[in-house]
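Novice: Mind having a look at this structure? Questions to follow.
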Amino acid sequence: MVNSQLSLVNALDWLYSTQAFGIKLGLEGVTRLLSACGVLYPRAQVIHVAGTNGKGSTCAFCESVARAAGYKTGLFTSPHLVEFSERIRVNGVNIPDADAARLIAKVRELVQSWDPCPTFFELVLAVAMLWFAEQEVELIVLETGMGGRLDATNAVPKDVAVLAPIGLDHTQYLGETLYEVAGEKAAILSWHRPAVSAPQEPEAMRAIHEAAQRMDTYCRVVSSECDQPQG
């Protein structure tokens, strides 16, 4: 136990040092990383969640329902509250310290000569996808870090896109209007794949409907009171 904790501390020291590289929006780097790890195209089904408010709880809800239905689940969320391992869970259980340290070391060795180095978030996503592959999960729930279109999680093909309530956030990256921000987040919708949204403000809903049209799909709007198309 002590050795695994020390190994994790050393691994996390390196991982957190990559935060110095800052935020790099875009999918080229993470696509290269996940491809090199052999996990860009998971065998599991994928639910991808974006939004401003409640996306973490939406992810937890999706995972718990899937697990109750008998699926072996993988859950990727951020940030963590107490321990790094909270970000990566299988069937509700945090990734063990020894496995987190081992997989961080694996991706560190892989990218040691890369220039530029992948970002912290990209590396954590790679660790999560490696763990989910090893554990042979059947369904993965991915929470976006920021936005959607250029968020690292959007490199992973998804089966269902889910949009939690959208508001103005990270406007320096996502746009200054609700319509622009919603457009960035709605860009997680995938071609001919189903999508679900919480009720949204009219401008956000307009951006979502336009994204659905581009992807030749339909976004169902649901709430505790109804299950009907909105606006």
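The values are calculated or read from the model by the stated rules, or taken from the named source; none is laboratory data. Predicted, not measured: the structure shown is a model, and the values here were computed from it. Glycine gets a Cβ as well: all are built from the backbone with ideal geometry, and neighbour counts include every protein chain shown.
Novice: Scan E83, E63 and give me the residue that is surrounded by fewer than 17 Cβ atoms within 10 Å (Cβ to Cβ) and either acidic (D, E) or in contact with a His (Cβ under 7 Å, 6 or more places away or on another chain) (or both).
Specialist: The conditions single out E83.
Novice: Another question about this same structure. Provide a single number: the residues in the range 193-208 that are assigned to a helix (DSSP H, G or I) and either aromatic (F, W, Y) or over 22 Å from the mean Cα position of the chain (by Cα) (or both).
Specialist: Count: 3.
Novice: Hey, can you tell me all the residues within the range 85-135 that are among the hydroxyl-bearing types (S, T, Y) and closer than 18 Å to G26 by Cα?
Specialist: T119
Novice: For residues that are buried (at least 21 other Cβ atoms within 10 Å of the Cβ) and in a helix (DSSP H, G or I), scanning just the range 28-51, find the one that is farthest from the chain's Cα centre (by Cα).
Specialist: Among those residues, the one meeting the criterion is L33.
Rundown of residues vs (1) touching a residue at least 24 places away in the same chain (Cβ under 8 Å); (2) under 23 Å from E184 (Cα atoms), yes/no style:
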site	(1), (2)
T31	yes, yes
C37	yes, no
A50	yes, yes
K55	yes, yes
T58	yes, yes
L75	yes, yes
V82	no, no
I88	yes, no
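Novice: Exactly one condition in (1) out of contact with any Asp or Glu (no Cβ under 6 Å at 6 or more places or on another chain); (2) modelled with pLDDT of 95 or more is false for G26; which is it?
Specialist: Unmet for G26, out of (1) out of contact with any Asp or Glu (no Cβ under 6 Å at 6 or more places or on another chain); (2) modelled with pLDDT of 95 or more: (2).
Novice: Another question, then. Please enumerate the residues belonging to the range 182-213 that are surrounded by fewer than 16 Cβ atoms within 10 Å (Cβ to Cβ) and without any contact (Cβ under 8 Å) to a residue 24 or more places away in the chain.
Specialist: Q213
Novice: Exactly one of (1) modelled with pLDDT of 95 or more; (2) of a type outside the set (S, T, Y); (3) part of a loop (DSSP other than H, G, I, E, B) is unmet by M146. Its number?
Specialist: Just one mismatch for M146, condition (1).
Novice: Checking the conditions here, which among G54, G92, G70 is surrounded by fewer than 19 Cβ atoms within 10 Å (Cβ to Cβ) and closer than 26 Å to L150 by Cβ?
Specialist: Matching residue, one of G54, G92, G70: G54.
Novice: Please determine whether any residue of the range 123-140 is touching a residue at least 60 places away in the same chain (Cβ under 8 Å) and farther than 24 Å from P96 by Cβ.
Specialist: Looking for residues that are touching a residue at least 60 places away in the same chain (Cβ under 8 Å) and farther than 24 Å from P96 by Cβ, one finds none in the range 123-140, hence no.
Novice: Another question, if that's okay. Of the residues V137, V127, only one is assigned to a loop (DSSP other than H, G, I, E, B), within 25 Å of Y71 (Cα to Cα) and either among the β-branched types (V, I, T) or in contact with a helix residue (DSSP H, G or I) (Cβ under 8 Å, 6 or more places away or on another chain) (or both); which?
Specialist: V137
Novice: Of the residues T144, T177, which single one is over 18 Å from V46 (Cα atoms) and of a type in the set (S, T, N, Q)?
Specialist: T177
Novice: Looking at the range 113-155, which of the residues that are polar (S, T, N, Q) and farther than 18 Å from H80 by Cα is surrounded by the most Cβ atoms within 10 Å (Cβ to Cβ)?
Specialist: That would be N154.
Novice: Mind checking which residues of the range 82-102 are closer than 15 Å to M129 by Cβ and either assigned to a helix (DSSP H, G or I) or small (G, A, S) (or both)?
Specialist: Hits for the range 82-102 are R87, D99, A100, R102.
Novice: Continuing with this model, one more query. Within the range 162-178, does at least one residue satisfy the condition of being modelled with pLDDT under 95, among the aromatic types (F, W, Y) and either at negative phi or not in a helix (DSSP H, G or I) (or both)?
Specialist: Yes, that holds for at least one residue.
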